[in-house]
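Student: A single structure is presented below for examination.
The values are calculated or read from the model by the stated rules, or taken from the named source; none is laboratory data. Predicted model, so just to flag it, every value in this text is computed and none were measured. Backbone-built Cβ (ideal geometry, glycine too); neighbour counts: all protein chains shown.
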Amino acid sequence: MTASPGRWAAFVLAAALAACGGDGGVVVVGGSSSLHPLSEAVAESFVGTAPGRRLAVGYSGTAGGLGRLCSGEIDISAASRRISAMEADVCRKAGFRYVEIPVARDGIVLVAHPSNRVVDCLTLEELRRLWGPADDVRSWRDLRPDYPDETIRFFGPGPDSGTLRYFTEVVVGRPGASRSDHYQTENDDMIAHGVAGHRWGLGYLGSAAHMRNRDRVRAIAVDTGFGCVSPSAEAVADGRYSPLARELYLYVGVSSLARDEVFHLVAHYLDVAAHLAPEFGYVALPEAEYGRSRAVLAASRTAARR
């Protein structure tokens, strides 16, 4: 089952300032729901420093955002995974150039109902059995004989989600290969809502969504080869939560960087991401990585204005 309403839940920041007529058009940011909270916070911060700028910040999933970026519908696409070879080829054939900007890290968090105290740690092999397309695990007892004979209700990201593609690639071994009987949505909060409503439910979502919903769902540790590791910021940063830790990106159209408002928004993102990221459940990148991205951004801006 796939839930699609509200997948492009855009809002316009500083709409009241539109009448002031900023010196450019609206900057449109779309893509990943996993990165949406940080993008919102950065956009609000940017509007505070640049009155008159108009920004529309929404989400449609990583795949949807990259598709809209390469068709020229949006200026910036947030992504919870790197662009795929197929997506990059679509952009190339369309003559569309983009720049990749890493902005933060997060972890993919397995979540259960708070009253489910039986399941506290799962191995990567168990995750493969749970979420793989074979659909052969339907109850907790199917997974382990000492688990209760209770049907599992599965909740996860929708087909356009970078989180789904990344998770299935590193856990199942094939991007997008997932069981067919789980509730899917691009709205991370709805995943948490679903798990919170079913005692034996199971879901996965980004760490920012888990932080927002940590009073409703409980994180399950994962044995990644270092024993059972909880998805803490420290474990994401030091690699112990790999392969369920990942980088998050902005993809920006090079032609859009010729516009001052787009360039300055992305530059502001790099300036404030390290400060804002932990507030929303993300892990900041090392400052050297932000420095490299500033250099890439400046070079792309120069290329865009030639």
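Student: Taking Thr224 as meeting all but one of (1) under 20 Å from the mean Cα position of the chain (by Cα); (2) at pLDDT below 95, write down the number of the exception.
Tutor: Every listed condition holds for Thr224 apart from (1).
Student: Which of the residues that make up segment 245-303 are of a type in the set (Val, Ile, Thr), over 20 Å from Leu66 (Cβ atoms) and not in a helix (DSSP H, G or I)?
Tutor: Val283
Student: Next up: Identify, by number, the condition in (1) of a type in the set (Lys, Arg); (2) outside the structural domain of Ser45 (by TED's automatic domain parsing); (3) touching a Leu at 6+ places or on another chain (Cβ under 9 Å) that Arg240 doesn't meet.
Tutor: If we test Arg240 against (1) of a type in the set (Lys, Arg); (2) outside the structural domain of Ser45 (by TED's automatic domain parsing); (3) touching a Leu at 6+ places or on another chain (Cβ under 9 Å), just (3) comes out false.
Student: Also, quick follow-up: Would you mind finding the one in Ala177, Ala209 that is in the same structural domain as Gly132 (by TED's automatic domain parsing) and either under 19 Å from Arg117 (Cα atoms) or in a helix (DSSP H, G or I) (or both)? I'd like the intermediate steps shown before the answer.
Tutor: Details: Ala177 fails: either under 19 Å from Arg117 (Cα atoms) or in a helix (DSSP H, G or I) (or both).
Within the list Ala177, Ala209, the selection yields Ala209.
Student: Let me ask something additional. Select from segment 43-81 the residues that are under 17 Å from the mean Cα position of the chain (by Cα) and farther than 25 Å from His275 by Cβ and list them in ascending order.
Tutor: First, pick out the residues of segment 43-81 that are under 17 Å from the mean Cα position of the chain (by Cα): 43, 57-69, 76-81.
Correct list: Ser60, Gly61, Ala63, Gly64, Leu66, Gly67, Arg68, Leu69.
Student: Just give me the residues in segment 37-63 being surrounded by fewer than 19 Cβ atoms within 10 Å (Cβ to Cβ) and polar (S, T, N, Q), in sequence order.
Tutor: Ser45, Thr49
Student: A further question on this structure: I'd like to check something: does segment 127-134 contain any residue that is under 18 Å from Tyr204 (Cα atoms) and of a type in the set (Phe, Trp, Tyr)? Don't jump to the end; show me each part of the working.
Tutor: Step one: list which residues in segment 127-134 are under 18 Å from Tyr204 (Cα atoms), which gives 127-133.
Imposing the further condition that a residue be of a type in the set (Phe, Trp, Tyr) reduces the set to 131.
Looking through segment 127-134, at least one residue is under 18 Å from Tyr204 (Cα atoms) and of a type in the set (Phe, Trp, Tyr).
Student: On the basis of being surrounded by fewer than 21 Cβ atoms within 10 Å (Cβ to Cβ) and touching a strand residue (DSSP E or B) at 6+ places or on another chain (Cβ under 9 Å), does Arg165 make the cut?
Tutor: no
Student: Further, regarding this structure: For segment 238-255, which residues satisfy the criterion of being in contact with a Pro (Cβ under 9 Å, 6 or more places away or on another chain), of a type in the set (A, V, I, L, M, F, W, C) and either under 23 Å from Val119 (Cβ atoms) or surrounded by fewer than 21 Cβ atoms within 10 Å (Cβ to Cβ) (or both)?
Tutor: Scanning segment 238-255 gives Leu244, Ala245.
Student: Something else now. Working carefully through the options Asp146, Asp181, Asp160, Asp188, find the one that is more than 15 Å from the chain's Cα centre (by Cα) and at pLDDT below 95.
Tutor: Working: Asp146 fails: at pLDDT below 95; Asp160 fails: more than 15 Å from the chain's Cα centre (by Cα); Asp188 fails: more than 15 Å from the chain's Cα centre (by Cα).
Testing whether each residue is more than 15 Å from the chain's Cα centre (by Cα) and at pLDDT below 95 leaves just Asp181.
Student: If the Cβ limit is 7 Å and pairs must be 6+ apart or interchain, which residue in segment 36-57 that is assigned by TED's automatic domain parsing to the domain that holds Leu205 pairs with which residue that is buried (at least 19 other Cβ atoms within 10 Å of the Cβ) and part of a helix (DSSP H, G or I)?
Tutor: Going by the 7 Å Cβ cut-off, there are no qualifying pairs.
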